[in-house]
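Enquirer: Structure below; questions to follow.
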Amino acid sequence: MGTGRSRRRPVRISVPSRADSLLRKFTALIGGPLGRRTSPGVINPGVFSVERVLVLLTTGAAVIAVLLKNPCRIEGWSSPGQYYMACQSQWPEAFGSLEGGTSFLQLGHSALTGAFAGVTAQVVPLGSTLRYYDLHSILAVAAWLLTVYATVRMTNRRPWDAAMVAVAPVIIVTGFLGWDLWAAMFAALGMLAFARSRFAEAGIFLGLGTAVAGYPVLIFGAVALLAWRTRLAGGPAMTGAVLAATWLAVNLPFGLLDPRAWSAHFTSLLSRDADYSSVWFAYTSLAARADGRELEATFTTVASGLLTVLLCAGIAVLTLRVQRRPRLAQVAFLLVGVLILAGKGYSPQHAIWLVPLVALAYPKWRTFLVWQFLEVAHWWTLMMYLGKESSGGDAQNNIDLPYYLLFTFAHMLSTAYIMYRVMEGMIDPARDPVRRLDIDDPQGGPFDHAADYRKPDRRHAAPNGTQVRLTRPSPEPKDHP
């Protein structure tokens with residue numbers, strides 16, 4: 001019985017209990033990987049659609065995050081208690097500074113972050129630190145939900161990969177520490193807009209994310225590399241132009257309002273010592289204990305900058321030379337991972353930046369959970385170490401430098417391991433868990449199933465030395481995110 005309309009075929013999605021070797025082992029209680037109560041012929045999930053389940057998972061994780069931070073809501077954010085209870089947050093400190101007459105541009109954060117902190121301070125009564133914290137907690141959960149939404153919309157046939165963002169332990173323990181969830185939200189929304197070929201919208205979101213935390217500009221770096229490889233420059237060029245215009249539009253008014261305070265944020269990034277948990281802080285701490293030569297702030301700034309540039313250049317070469325064009329999420333994850341490992345300004349909550357990118361670049365639950373465990377352990381040891389360093393707390397509650405650095409190196413190695421596995425998937429696409437479903441690049445927008453241009457190896461170069469154009473067979477109709 002025809003209606004004259006073409007019927008859309010149901011999309012086959014990847015079920016984690018069957019596709020992931022770790023999750024498969026936990027399905028015995030529900031009847032195995034397929035499940036006793038599964039109806040293969042029924043595609044209507046009823047009330048519990050993937051998106052609604054992800055909302056429930058995110059809400060449950062947010063409740064756990066609230067409970068973990070509740071001791072400070074009761075006892076207050078004073079040292080060393082906030083460290084020993086692992087509920088430190090930058091929000092009460094910012095609110096106290098703003099009430100004390102400090103300009104939001106002098107908080108030490110980016111102009112957009114400071115403005116956000118200042119605006120929200122105006123909607124709560126004077127002296128209501130707890131209400132200010134609760135307001136920021138609600139807004140952080142909203143940003144978390146939007147990040148999950150953007151991620152699931154970019155996963156194509158693997159929607160359950162977004163559950164990594166929904167239940168990420170590092171977001172649970174550090175999501176209420178600062179404003180990094182907002183940067184992750186803008187970055188994810190920017191990638192989603194680009195995946196839908198909405199180039200101006202992508203530039204706006206990536207520009208806002210760059211104004212918050214800086215790192216989303218590296219996502220555009222990945223876009224630029226793939227644009228070079230595919231010779232598709234029109235849309236990416238618009239994204240880059242709008243990104244720069246958005247960042248300028250956000251920062252220019254604050255720069256004109258108070259140039260000295262606005263520039264202080266950038267000069268402090270260059271002149272301050274290495275932050276806790278960076279490789280540079282680890283070296284300096286060990287050198288000080290061994291009576292060796294410590295690294296000065298200027299040297300650390302130059303060395304970390306050069307190392308970051310060199311590693312990013314290496315990733316660029318890899319992106320342009322591998323046999324098959326990499327996926328956008330793979331390249332973006334590697335570039336942001338380099339900033340995490342080589343930069344001197346690392347903080348534990350910066351791991352939030354990587355969570356959506358890991359879910360898109362290497363969605364393997366065993367690797368993800370090990371990485372998350374080490375990130376949480378690193379956060380906890382840092383809190384114990386700060387309890388000792390900042391306030392001289394009781395010795396029985398403290399942790400000494402070697403143990404703290406042990407988990408610092410552990411979190412670095414776990415991040416580097418995921419980067420290695422991502423590079424492995426770029427070199428050999430058969431090892432990429434996403435492309436095993438005959439998917440090309442769900443986040444790539446115009447790059448998805450695009451013609452591929454690659455500089456040939458000398459052994460396989462054309463006789464006249466010209467470029468080789470690599471094309472793939474005509475794919476099945478793709479499902480746009």
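Enquirer: Mind checking whether some residue in region 183-191 is at pLDDT 95 or above, under 26 Å from residue 367 (Cα atoms) and open to solvent by 20 Å² or more (accessible area, probe 1.4 Å)?
Expert: yes
Enquirer: Checking the condition out of contact with any helix residue (DSSP H, G or I) (no Cβ under 9 Å at 6 or more places or on another chain), in contact (Cβ under 8 Å) with a residue 40 or more places away in the chain and either surrounded by fewer than 22 Cβ atoms within 10 Å (Cβ to Cβ) or of a type in the set (Ser, Thr, Tyr) (or both), which residue from 231, 196, 157 passes? Working first, answer last.
Expert: Details: 196 fails: out of contact with any helix residue (DSSP H, G or I) (no Cβ under 9 Å at 6 or more places or on another chain); 157 fails: out of contact with any helix residue (DSSP H, G or I) (no Cβ under 9 Å at 6 or more places or on another chain).
It is 231.
Enquirer: List the residue pairs whose Cβ atoms are under 8 Å apart, where the first residue sits in region 341-353 and is open to solvent by less than 10 Å² (accessible area, probe 1.4 Å), the second is among the charged types (D, E, K, R) and part of a loop (DSSP other than H, G, I, E, B), and the two are 6 or more positions apart or on different chains.
Expert: Hits for this filter: 346/275.
Enquirer: Tell me, please, whether a residue that is in a helix (DSSP H, G or I), at pLDDT 90 or above, farther than 19 Å from residue 181 by Cβ and not aliphatic (A, V, I, L, M) can be found in region 122-136.
Expert: Start the filter on region 122-136 by keeping residues that are in a helix (DSSP H, G or I), which leaves 129-136.
After this cut, where a residue has to be at pLDDT 90 or above as well, the list is 129-136.
Now drop any that are not farther than 19 Å from residue 181 by Cβ, which leaves 129-131.
Still in the list and also not aliphatic (A, V, I, L, M): 129, 131.
Yes: region 122-136 contains one or more residues that are in a helix (DSSP H, G or I), at pLDDT 90 or above, farther than 19 Å from residue 181 by Cβ and not aliphatic (A, V, I, L, M).
Enquirer: Name the single residue, out of those in region 137-147 being open to solvent by 10 Å² or more (accessible area, probe 1.4 Å) and touching a helix residue (DSSP H, G or I) at 6+ places or on another chain (Cβ under 7 Å), that is nearest to residue 183 (Cα to Cα). Before the answer, list the steps.
Expert: Narrowing region 137-147 to residues open to solvent by 10 Å² or more (accessible area, probe 1.4 Å): 137-139, 141-142, 145-146.
From the residues that got through so far, the ones that are touching a helix residue (DSSP H, G or I) at 6+ places or on another chain (Cβ under 7 Å) too are 137, 141, 145-146.
Details: 137: 15, 141: 13, 145: 13, 146: 12 Å.
Filtering region 137-147 for residues that are open to solvent by 10 Å² or more (accessible area, probe 1.4 Å) and touching a helix residue (DSSP H, G or I) at 6+ places or on another chain (Cβ under 7 Å), the one nearest to residue 183 (Cα to Cα) comes out as 146.
Enquirer: Here are 389, 375, 424: which of them is of a type in the set (Asp, Glu) and surrounded by 19 or more Cβ atoms within 10 Å (Cβ to Cβ)? Full working, then the answer.
Expert: Numbers: 389 fails: surrounded by 19 or more Cβ atoms within 10 Å (Cβ to Cβ); 424 fails: surrounded by 19 or more Cβ atoms within 10 Å (Cβ to Cβ).
Result: 375 is the single residue among 389, 375, 424 that is of a type in the set (Asp, Glu) and surrounded by 19 or more Cβ atoms within 10 Å (Cβ to Cβ).
Enquirer: How many residues does region 257-266 hold that are open to solvent by 60 Å² or more (accessible area, probe 1.4 Å) and of a type in the set (A, V, I, L, M)?
Expert: Step one: list which residues in region 257-266 are open to solvent by 60 Å² or more (accessible area, probe 1.4 Å), which gives 257, 259-260, 262, 266.
Filter again for of a type in the set (A, V, I, L, M), leaving 257.
Matching residues across region 257-266 total 1.
Enquirer: Does residue 254 qualify as being buried (at least 23 other Cβ atoms within 10 Å of the Cβ) and out of contact with any Ser or Thr (no Cβ under 8 Å at 6 or more places or on another chain)? Write out each step before concluding.
Expert: Details: buried (at least 23 other Cβ atoms within 10 Å of the Cβ): no; out of contact with any Ser or Thr (no Cβ under 8 Å at 6 or more places or on another chain): yes.
Against the criterion (buried (at least 23 other Cβ atoms within 10 Å of the Cβ) and out of contact with any Ser or Thr (no Cβ under 8 Å at 6 or more places or on another chain)), residue 254 does not qualify.
Enquirer: Working only within region 72-91, note down all residues that are surrounded by fewer than 19 Cβ atoms within 10 Å (Cβ to Cβ) and part of a loop (DSSP other than H, G, I, E, B).
Expert: Listed by number, the residues that qualify are 76, 78, 79, 85.
Enquirer: When you scan region 268-281, do you find a residue that is open to solvent by less than 50 Å² (accessible area, probe 1.4 Å), touching a residue at least 24 places away in the same chain (Cβ under 8 Å) and at positive phi, even just one?
Expert: Yes, region 268-281 has at least one match.
Enquirer: I would also like to ask the following. Taking the condition within 30 Å of residue 443 (Cβ to Cβ), surrounded by fewer than 20 Cβ atoms within 10 Å (Cβ to Cβ) and at pLDDT below 95, does residue 303 pass? Reasoning before the result, please.
Expert: On the way: within 30 Å of residue 443 (Cβ to Cβ): no; surrounded by fewer than 20 Cβ atoms within 10 Å (Cβ to Cβ): yes; at pLDDT below 95: yes.
It is false that residue 303 is within 30 Å of residue 443 (Cβ to Cβ), surrounded by fewer than 20 Cβ atoms within 10 Å (Cβ to Cβ) and at pLDDT below 95.
Enquirer: So if I check each of 171, 204, which one is modelled with pLDDT of 95 or more, among the β-branched types (Val, Ile, Thr) and open to solvent by less than 20 Å² (accessible area, probe 1.4 Å)? Spell out how you get there, then give the answer.
Expert: Numbers: 204 fails: open to solvent by less than 20 Å² (accessible area, probe 1.4 Å).
Only one candidate passes the filter, namely 171.
Enquirer: Of all residues in region 64-121 being among the aromatic types (Phe, Trp, Tyr) and over 19 Å from residue 144 (Cβ atoms), which is modelled with the lowest pLDDT? Please lay out each step first, then the result.
Expert: We begin by selecting, within region 64-121, every residue among the aromatic types (Phe, Trp, Tyr); these are 77, 83-84, 91, 95, 104, 116.
Next cut, over 19 Å from residue 144 (Cβ atoms) only: 77, 83-84, 95, 104.
Working: 77: 90, 83: 89, 84: 88, 95: 93, 104: 85.
Within region 64-121, the match that is modelled with the lowest pLDDT is 104.
Enquirer: Looking at the structure I just gave you, is residue 231 closer than 14 Å to residue 359 by Cβ and modelled with pLDDT under 95?
Expert: It is false that residue 231 is closer than 14 Å to residue 359 by Cβ and modelled with pLDDT under 95.
The values are calculated or read from the model by the stated rules, or taken from the named source; none is laboratory data. Remember, it's a predicted structure, so these values are computed and weren't measured experimentally. Virtual Cβ from ideal backbone geometry, glycine too; neighbours counted across all protein chains shown. Just the protein is used for accessible areas: all its heavy atoms, side chains included, with ligands, DNA and RNA removed. Shrake-Rupley method; radii C 1.70, N 1.55, O 1.52, S 1.80 Å.
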